[in-house]
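Undergrad: I am attaching a structure below and will ask some questions about it afterwards.
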Amino acid sequence: MSSLIRWDPFADRMSLRGAIDRLFDETFVRPGWGWIAPIGATDLAIDMYETKDEVIVKAALPGIKPEQVEVTITGDTLTIRGEAKEESEVKEEDYIRKERRYGSFCRSVTLPDGLKTDKAEATFEHGVLTLKVPKSEEVKPKTIKVKAK
């Protein structure tokens with residue numbers, strides 16, 4: 001004998017939030033991203049700010065060694081690229097969770113005008129790459145004294 005099941009017309013409806021989440025998941029999904037995924041441009045966090053004398057760019061590169069990073073400036077474009085190597089000490093089947101990303105990464109940003117890119121200096125400390133690019137004399141702010149007559 002079969003039992004009766006009460007029909008609920010709203011049982012299969014999707015919440016607005018669920019529909020929007022599904023839309024974004026399906027629209028902006030990154031192909032090939034699974035447990036192990038390459039570091040992409042959006043994953044290379046960069047801060048860029050200026051002082052009176054220079055423009056400073058900082059990039060967070062946790063787990064990367066300085067010799068794995070290449071910094072180039074071509075025209076007004078700064079490019080930071082490198083590769084994060086995967087540790088091979090642990091067998092794939094022994095992992096419970098694997099979220100750190102491995103592979104090559106590359107990020108390019110446009111620098112402001114009026115910099116002495118040939119005088120740029122890069123340092124690497126505690127997983128943070130710091131690039132200092134001095135400003136040319138023409139773009140440095142100048143203070144003009146006002147004289148009373």
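Undergrad: What are the pairs with Cβ atoms under 7 angstrom where one residue, in segment 44-62, is under 14 Å from Pro134 (Cβ atoms) and in contact (Cβ under 8 Å) with a residue 40 or more places away in the chain and the other, located anywhere, is part of a strand (DSSP E or B) and of a type in the set (Val, Ile, Thr)? Sequence gap at least six, or different chains.
TA: Correct list of pairs: Glu54/Val133; Val55/Val133; Ile56/Thr130; Val57/Ile46.
Undergrad: So for segment 79-101 (the condition being exposed (fewer than 15 other Cβ atoms within 10 Å of the Cβ), at pLDDT below 85 and aliphatic (A, V, I, L, M)), does at least one residue qualify?
TA: As a first pass, look at segment 79-101 and keep what is exposed (fewer than 15 other Cβ atoms within 10 Å of the Cβ): 79, 85-100.
Pick out the ones that are also at pLDDT below 85 and you get 85-100.
From what's left, aliphatic (A, V, I, L, M): 90, 96.
Within segment 79-101 (the criterion being exposed (fewer than 15 other Cβ atoms within 10 Å of the Cβ), at pLDDT below 85 and aliphatic (A, V, I, L, M)), the answer is yes, since at least one residue qualifies.
Undergrad: Further question on the same structure: Answer with yes or no whether Glu67 is modelled with pLDDT of 85 or more and surrounded by 15 or more Cβ atoms within 10 Å (Cβ to Cβ). Outline the logic, then answer.
TA: On the way: modelled with pLDDT of 85 or more: yes; surrounded by 15 or more Cβ atoms within 10 Å (Cβ to Cβ): no.
Here the answer is no, as Glu67 does not meet what is asked.
Undergrad: When you look at Glu70, is it in contact (Cβ under 8 Å) with a residue 12 or more places away in the chain, out of contact with any Pro (no Cβ under 9 Å at 6 or more places or on another chain) and of a type in the set (Asp, Glu), yes or no?
TA: Numbers: in contact (Cβ under 8 Å) with a residue 12 or more places away in the chain: yes; out of contact with any Pro (no Cβ under 9 Å at 6 or more places or on another chain): yes; of a type in the set (Asp, Glu): yes.
Yes: the conditions hold for Glu70.
Undergrad: Among the residues of segment 67-88, write down those that are over 12 Å from Thr110 (Cα atoms), out of contact with any helix residue (DSSP H, G or I) (no Cβ under 8 Å at 6 or more places or on another chain) and not in a strand (DSSP E or B).
TA: Result: Glu67, Gln68, Glu86, Glu87, Ser88.
Undergrad: Determine which member of the set Asp47, Asp118, Asp113 is charged (D, E, K, R), outside any strand (DSSP E or B) and surrounded by 10 or more Cβ atoms within 10 Å (Cβ to Cβ). Reasoning before the result, please.
TA: Working: Asp47 fails: outside any strand (DSSP E or B); Asp118 fails: surrounded by 10 or more Cβ atoms within 10 Å (Cβ to Cβ).
Among Asp47, Asp118, Asp113, only Asp113 is charged (D, E, K, R), outside any strand (DSSP E or B) and surrounded by 10 or more Cβ atoms within 10 Å (Cβ to Cβ).
So that you can scan it fast, the table gives a plain yes or no per residue for (1) in contact with a His (Cβ under 6 Å, 6 or more places away or on another chain); (2) of a type outside the set (D, E, K, R); (3) outside any strand (DSSP E or B):
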position	(1), (2), (3)
Ile96	no, yes, yes
Arg101	no, no, yes
Arg107	no, no, no
Pro134	no, yes, no
Ile144	no, yes, yes
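Undergrad: Quick one: count up the residues across segment 50-66 that are in contact with a Leu (Cβ under 9 Å, 6 or more places away or on another chain) and assigned to a loop (DSSP other than H, G, I, E, B).
TA: Step one: filter segment 50-66 for residues in contact with a Leu (Cβ under 9 Å, 6 or more places away or on another chain), giving 54-61, 64, 66.
Checking the rest, the ones that are also assigned to a loop (DSSP other than H, G, I, E, B) come to 61, 64.
Selection size over segment 50-66: 2.
The values are calculated or read from the model by the stated rules, or taken from the named source; none is laboratory data. For clarity, every value in this text was computed on a predicted model and none was experimentally measured. Note that each Cβ is placed from the backbone with ideal geometry, even for glycine, and that neighbours are counted across all protein chains shown.
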